[in-house]
Structure formats: C-alpha cells, structure tokens
1. Report the one residue of Pro505, Ile165, Pro99 whose Cα lies farthest in the direction of the positive end of the charge dipole of the chain (charges on C-beta: Lys and Arg +1, Asp and Glu -1; origin at the Cα centre).
2. Could you work out the relative contact order of the stretch 78-219? I mean the mean sequence separation of Cα pairs under 8 Å and 6+ apart, divided by the number of residues, in percent.
3. What spacing in nm lies between the two simple spin-label points modelled at Asp201 and Tyr352, each 7 Å away from Cα in the Cβ direction?
4. Could you order the peptides 385-391, 143-149 from most to least packed, using the average number of other C-beta atoms within 10 Å per residue?
5. Normalised by the residues of the chain, what does the relative contact order come to in percent, with Cα pairs under 8 Å and at least six apart?
6. Report the one residue of Gly153, Ala413, Pro549 whose Cα lies farthest in the direction of the positive end of the charge dipole of the chain (charges on C-beta: Lys and Arg +1, Asp and Glu -1; origin at the Cα centre).
7. Rolling a 1.4 Å sphere over the protein heavy atoms, what is the accessible area per residue of the stretch 105-247, to the nearest Å²?
8. Roughly how many Å² is the accessible area per residue of the stretch 325-400, as a whole number, for a 1.4 Å probe?
Amino acid sequence: MKHQAIDTSSLKRRGARAKPKGRQVDPHAQAEVREILGDSPRRSDLLIEYLHRVQDTFGHISAAHIVALAEEMKLSRAEVYEVATFYHHFDVLKEGDVPPPALTVRVCETLSCQLAGAEALRSAVQRASGGAVRVVGAPCIGRCEHAPAALVGQNPVDEATPEKIAAAIRRSEVALAPTPYVDYAAYRAAGGYRTLVECVDGSRAVDAVISAMEDSGLRGLGGAGFPAGRKWRIVRAEPAPRLMAVNIDEGEPGTFKDRYYLERDPHRFIEGMLIAAWAVGIDAVYVYLRDEYAGCRRILERELAALAASPPCPLPAIELRRGAGAYICGEESAMIESIEGKRGMPRLRPPYVAQVGLFGRPTLEHNMETLYWVRDILEQGAAAFSAHGRNGRKGLRAFSVSGRVVKPGVHLAPAGITARELIAEYCGGMLPGHELYAYLPGGASGGILPASMADVPLDFDTLQPYGCFIGSAAVIVLSQHDRARDAALNLMEFFAHESCGQCTPCRVGTEKAVGLLAKPRWDTALLSELSQAMIDASICGLGQAAPNPVTCVIKYFPQELE
C-alpha cells in the first residue's frame, strides 16, 4: 500500500511557539526581586517572608513580581499566587489593576471596637481622607483595651478619633512599645537567664524540670488548655531531630495578653521558650508573630539580636516569622503550614504535630503566655503557682478584659474567679450608666452568658456545661445598652471573613449563618441545625466553635428573639 505524503508545514506552524506559554518574566521586575532578596536563601519556607519584602517595598504585589518571585525561588507561579492571595495583608494586583494608595488605615470593627463606635469612626475617617489613603474595616488587631483602635500602616492608634488618625498619617515611624520594656541588659542584671543556665550546665535535671511543670498544673494558655508538662514529655519521647513552634498569632477577638507581656518583659518569655527547648531536646525554634504586632516584632528582632550577640549559654537556632493577617493561623497546624511558606490551612489529625509537625518532624507547639510562666514556676516552685485560685481551681490566669468596664486591660487574677468578681475587684466596676447584661468568657468563640450566670468560675472545664469555654481568657463585657444577638452577628461576620475555605461546613456555614442572623427574626430551628452541622463536620476549631455565640443567644437570651 502506497502511503500518501503529509504536508507538515501547517503542523509546524501550529506546534511551534515563538515564546513559552503564559506570562513571561519581566526583566525589570526580576531585577527588583533579586535586589530585595539579596543573598537570602531561596528556600520555599521563606516565601511569605519574601512576599512581605515586596509588599513593604512597593505597597502592593504586582503580577510581574509574582512571576519574578516564582522564577527566582523555582516555585510554580500558581503556588506563589495562591499563597499571596490567601493572606489579608498582601495586596495582589491583577493585570491592569490600579495600585492602592500608599498608606492603608485599618479600623478594627470586631466586637470590642464596635461597642466603642468603630463604625462611625471608619465612616468619618473615610470622609476626611478624601481618597488620599485607603480606609478599610479590619478584624481584631489585638488592642481591645484601647477601643476603638486602628492601624495607620503598621502604627497603632489607641482610643482612635479622626484627629488622632490624621496625626498618625502624618507620621511614619512605628513605636516599639507604649511603655519602656525590660531589655536584655536589664533582664540579665536582674538575674535573668540564671535558670536557663542552671538547666544547660546540669544543675537542674530534665526530669525534675518536666515534673515541676506537671506538678504546677500549668495548661496551654492559647485556648486549648493541654497540660504543658505532659506535652513536653510527649514530644521528648519522639525521635530527634525535634522542632519547636511558638504561637503568637493572637487573633481571637478580645485577646491581647500576649502583646501586653511582650511589650513589657520579652525576655521572660524568651527564657521560658529556651528552657522548654532544652528540656525537650529541640534543634530549632520558630516564633510566629502576627503581622498586626509590628512594635512587638521590632522588640523581638532587637532583643533576639542582643541575646545572640552575648548568649548566656549555647542556644538553639531561633527564627522569627511574620504572619500576614490570617486568624486561622492561630490553629497550630495552620500556623505550621504558614511557617513552611504555604497557605495557612489546618491539617487533618492524626497525625498530631507532636509526632509529625513542622517540616515533618516532631514539634513542640506552645502559646507565648504559657512559656512566659515557666521561669516563675521553676524559680518559685510548682506549689507557689498552684497555690493561687478560687472556687476549687488552681493557678493564675491573665484575663484580657474589654467592653463596658472602667478599667479594661490585662488583669492577672486567680483561676476560678467569677466574671462578677473580676469586674468588681480588678476592672473598677461597670462604666457609669452601664449595668452588667452579658459577657463573653472566652473571646469570640467562647460563647455568651447572661448576667444571671456571672458567678460561674472562669477556668478550664468549668464553662463547658453551659456551652462555653474560657479559651484564651478574653472577657468582653456587655451592658444593658447592648444586645447579645448583635454581638453574635458581629462575631459570625468575623468567622466568615476568617474561614480558610478548606472545608464546606465552615466556609458555607459561616456565610449562611451571617445571612440568617442579619434577619429581623431568627429562624432558630434552621440556625440550630446549621450550627450542629458545623460543629460535627468542620475540620478545625474555627468552624466547630463559630456557632457557640449563636447557640448561647438562642438558649440564654430568648427575649431578644421575640
């Protein structure tokens, strides 16, 4: 059979490309990215750090910079783009987009600031700005005791007014802290790091230190409440190398105690962190700090450099990592994903991070405040810490209190104190003209209780029978001028904004709940069914706990639903 000749000219025209498919690397953008990165290693886990560098330099991240960064780091463009667009603080432009104004004003609009007039403040600032700056509503920025609060660029404005924000716009510096803090020299002069040295030189035995932590009853103060000493023992039993991740992504609305302690005594936390690393046999420590805490970041950068320049003993490697505006990264496995340079999406468990955590290694994960108390427990003894407490509870709790009280702020009080006692003894009572109506015992996800239940002890395990929990001990106080149903809507809007979108029950459930809660009359049957589906099927604590304020309003505030 004779084969017919085939004309291949058209195939060549269709098959050959003069240029590779897709956007090409812009030489100018590539040069800019290379200058920004300098000699820094091109590791994929540093992607978020490098996105920050681009954002800080240009005020946004262009499509050309996405391509150039992907090329420079040998990552796919899709990976760089999806990470950049996941986090709220990266302004990623598409082709043809107009860059935003050079300065962004973020007005916190979560519950404590809403109670203080954040909505009117944001509108006034928008009118006054005339478009010269970008004014946006923001989720909790961790300054609830100074409500309403705002960020002008990275500079915080407390008890914000349009005049204060206008003055901040004219400035560019970021304050290190509102008050002087204990720096490295002062901390060492006062006996700081002596306990760490005793551990490292063998004066203290590992088992004795871990036993003291167990005996103290100290539990994780980020919200989960897992016994700290037991966690140390569990991770130490895992094969080396072991890593440590410190969670300072303090994004729970109403919570600001980590920032409070970091701004005043950072080395007490650092020493506790290093003692934990020594006891567990940690090779490297990663400190994950939320991006809203720019002042704290500067403190830690300065003080970690001072520590490294004159260490009291051999130290593990310590890396400070910068979050990018994602509440979900307060969940331990989402934080680990973010440290690895990825989107902050929670992992399915098991395996737990104690076995398979950061970079696949056994990982000790701790909240900052938990580590802050380690030195005191070891120096004063476990019994001294556990001797505090009321109503049969043991230990101390740092309560972040905001809302309708005379003295909002961080108040160190006995575990088991009641909300009524906390307000009267530590907060100066209610504001003039306000009476206690309701309170949130554990931040946005901890539920809402009426004033008639203000005598329930505040501690781990005491609030669960009422559908609430203490979490990070963020107490938001409402008065007769507020409605619990309005608070529930505000909090659900926050959860809908902060859902990572990985699982349908949370992604769709929070949005659906916002629509139902905004209606004049609640469909309580449908809300209850939706809440149960979210609790049962969500991957992580965000979706599982988001319905708590709603179920509490239905149960404890029926008069608001009539």
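1. The Cα lying farthest towards the positive end belongs to Pro99.
2. 17 percent
3. 3.6 nm
4. Taking the mean over residues of other Cβ atoms within 10 Å, the ranking is 143-149, 385-391.
5. Relative contact order comes out at 12 percent.
6. Comparing the listed Cα positions along the dipole, Gly153 ranks first.
7. For the stretch 105-247, the per-residue accessible area is 44 Å².
8. That works out to 34 Å² for each residue.
The values are calculated or read from the model by the stated rules, or taken from the named source; none is laboratory data. Computed from a prediction, not measured in an experiment: that's the story for all the values here. Methodologically, a virtual Cβ is constructed for each residue, glycine included, from the backbone with ideal geometry; neighbour enumeration extends over all protein chains shown. We work out accessible area using only protein heavy atoms, side chains counted, and drop any ligands, DNA or RNA first. Shrake-Rupley method; radii C 1.70, N 1.55, O 1.52, S 1.80 Å.
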